[in-house]
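As structure tokens, the structure follows; a few thoughts come after it.
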Amino acid sequence: MTEYKNDLDFASELDKQDELKEYRQLFHIPKMDGKDVIYLCGNSLGLQPKSVRAYIETELKDWETLGVEGHFHGTNPWLSYHKMFAEPVSRLVGAKPAEVVVMNTLTTNLHLMMVSFYRPTQTRFKILTEFSPFPSDSYAFESQTKFHGYDPEKAIIELRPKEGEYILRTEDIIAEINKHQDELALVLLGGVNYYTGQAFDIEAITKAGHEAGALVGFDLAHAAGNLLLNLHDWNVDFAAWCGYKYLNSGPGGVSGVFVHEKWANSPSIPRFAGWWGYDEATRFQMKKGFKPAYGAEGWQLSNAQILPMAAHKASLDIFDKAGMPTLNAKSQLLTAFLEFLIKDNMQKRGEESYNIITPSDPKDRGAQLSIIAAKNGKEIFNKLTKRGVIADWREPDVIRVAPVPLYNTFTDVWRFAKLLDEAV
Ligand SMILES: Cc1ncc(COP(=O)(O)O)c(C=O)c1O
């Protein structure tokens, strides 16, 4: 454990020693009054890699000069464009290349996954999820249960933290799974809860879900590009995530999907199908009768969205160069430094002005800290914004900050903690 000090020189020294320090200059950092803002919002929208423009330009040029021929003779032929993602995305989430595909957007993919993996029966029809899942997930659960003819009130179980607590303990999650073991069709949680920043024990939850006879999936919106993931070995049935948070692929960017290899060749699994998921060798014979491609690719519906995918490619190339283990190691230091500074400032002032609701143990969190001010939270947040901090506010009372290892510095974190202290 690093012994942190609460001063700017110490933060600058950590920046000098940072083996990822060159990566910040690969990104556009927004400015305020001519100075870089303190951008702590990569858990909402990651910053733009400077290379994105050239990646998109390449595709625009091919479209301009080749028209439809770009599908075959483009720099990166569009016909097989999605295949370029199999290797880098598999490294990102700990999967086999055939287990991942990039397509659509997150909520769409969660629905597509539930069409396949939420298969309720009269006795086993419930979905178990985390306390206060992201609203889009809630609406997806609600509409899926209704679609199958069930009452969402009865079919959705939300895990509740203990009275006065924010965090769900793994043993309590497992106990709840066991309690409902005869009625669970699906366990579907976030990898990291968007509000508290708690990272769940994906492996333990998956195991418990399977032992209860349910299928288990994860919404990894806040986990992909943030946590070290090992989806294949953890035996997760499916997962989906978006590309625009930690993965820096632009607003509304494409989403990733994981389907475990054990389901790769199961044409019997119900799914909503489209031509791009059709067996590649015979896709263009245009025959009736859907024949899925092997693996996650078989869930594709439409031909690839080349322009947003080009932005995704630019970002994934950076991830591949940096490597998730190195990124995660820095992320843990950055977040721990931020936590230390906030607590140290409070101690010096002798006032419990803030409560950090994100778990303290690095294994139970990623890059985010969720901070609740004892009073005037929204005013404090607005003051921070005026002073050049971009973080985010989530109703009813949380300031979320995410120091991202690719482009945030230890100095950013030190400056933010000071501004937070001054804002009380
Ligand atoms: C946890 C989580 N799930 C789902 C979504 C919805 O994503 P999309 O709008 O890409 O469908 C978000 C968006 O921020 C999210 O944070």
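The values are calculated or read from the model by the stated rules, or taken from the named source; none is laboratory data. All values derive from a computational prediction rather than experimental measurement. For neighbour counting, all protein chains shown are included, and Cβ atoms are generated from backbone atoms with ideal geometry for every residue, glycine included. Surface areas here come from the heavy atoms of the whole protein model, side chains and all, with no ligands, DNA or RNA. Shrake-Rupley method; radii C 1.70, N 1.55, O 1.52, S 1.80 Å.
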Worksheet item: Which of the residues belonging to the range 221-263 are in contact with a Pro (Cβ under 9 Å, 6 or more places away or on another chain) and more than 16 Å from the ligand (Cβ to nearest atom)?
Response: LEU228
Response to the item:
When MET114 is run through (1) open to solvent by less than 60 Å² (accessible area, probe 1.4 Å); (2) in a loop (DSSP other than H, G, I, E, B), the failure sits at (2)
Worksheet item: Within the range 117-142, how many residues are among the polar types (S, T, N, Q), in a helix (DSSP H, G or I) and in contact (Cβ under 8 Å) with a residue 24 or more places away in the chain?
Response: 1
Discussion item. Would you confirm whether or not the range 94-110 contains a residue that is assigned to a helix (DSSP H, G or I), of a type in the set (D, E, K, R) and open to solvent by 10 Å² or more (accessible area, probe 1.4 Å)?
Written reply: no
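Okay, residues lined up against (1) in contact with a Ser or Thr (Cβ under 7 Å, 6 or more places away or on another chain); (2) closer than 28 Å to GLY252 by Cα:
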position	(1), (2)
PRO88	no, yes
ASN109	yes, yes
TYR166	yes, no
ARG169	no, no
Discussion item. Checking PHE218 against (1) within 16 Å of the ligand (Cβ to nearest atom); (2) in contact (Cβ under 8 Å) with a residue 60 or more places away in the chain; (3) of a type outside the set (Lys, Arg), only one condition comes out false. Which one?
Written reply: (2)
Practice prompt. Kindly indicate the residue of the range 37-55 that is open to solvent by less than 60 Å² (accessible area, probe 1.4 Å) and hydroxyl-bearing (Ser, Thr, Tyr) and also nearest to LEU419 (Cα to Cα) among those meeting that condition.
Written response: TYR39
Discussion item. With the structure loaded, tell me whether GLU280 is closer than 28 Å to ARG119 by Cβ, touching a helix residue (DSSP H, G or I) at 6+ places or on another chain (Cβ under 7 Å), open to solvent by 30 Å² or more (accessible area, probe 1.4 Å) and not hydroxyl-bearing (Ser, Thr, Tyr) or whether it fails that test.
Written reply: no
Worksheet item: Can you name the number of the only condition in (1) closer than 30 Å to TRP63 by Cα; (2) modelled with pLDDT under 95 that GLY350 fails?
Response: (1)
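State yes or no: is ALA310 hydrophobic (A, V, I, L, M, F, W, C), open to solvent by 10 Å² or more (accessible area, probe 1.4 Å) and in contact with a helix residue (DSSP H, G or I) (Cβ under 9 Å, 6 or more places away or on another chain)? Don't jump to the end; show me each part of the working.
Details: hydrophobic (A, V, I, L, M, F, W, C): yes; open to solvent by 10 Å² or more (accessible area, probe 1.4 Å): no; in contact with a helix residue (DSSP H, G or I) (Cβ under 9 Å, 6 or more places away or on another chain): yes.
No.
Of the residues PHE147, PHE141, PHE125, PHE134, which single one is of a type in the set (A, V, I, L, M, F, W, C), surrounded by fewer than 21 Cβ atoms within 10 Å (Cβ to Cβ) and within 16 Å of the ligand (Cβ to nearest atom)?
Numbers: PHE147 fails: within 16 Å of the ligand (Cβ to nearest atom); PHE141 fails: surrounded by fewer than 21 Cβ atoms within 10 Å (Cβ to Cβ); PHE125 fails: within 16 Å of the ligand (Cβ to nearest atom).
Result: PHE134 is the single residue among PHE147, PHE141, PHE125, PHE134 that is of a type in the set (A, V, I, L, M, F, W, C), surrounded by fewer than 21 Cβ atoms within 10 Å (Cβ to Cβ) and within 16 Å of the ligand (Cβ to nearest atom).
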Response to the item:
Sole miss for ASN104 among (1) in contact with a His (Cβ under 9 Å, 6 or more places away or on another chain); (2) at positive phi is condition (1)
Discussion item. Please verify whether TYR244 is under 26 Å from PHE27 (Cβ atoms) and crowded, with 16+ Cβ neighbours inside 10 Å, treating the condition exactly as stated.
Written reply: yes
Worksheet, complete the sentence: From the option list GLY197, GLY190, GLY253, GLY213, single residue qualifying as among the small types (Gly, Ala, Ser) and open to solvent by 10 Å² or more (accessible area, probe 1.4 Å) is GLY213
Fill in: Any chance ASN6 is open to solvent by less than 50 Å² (accessible area, probe 1.4 Å) and over 14 Å from TYR407 (Cα atoms)
yes
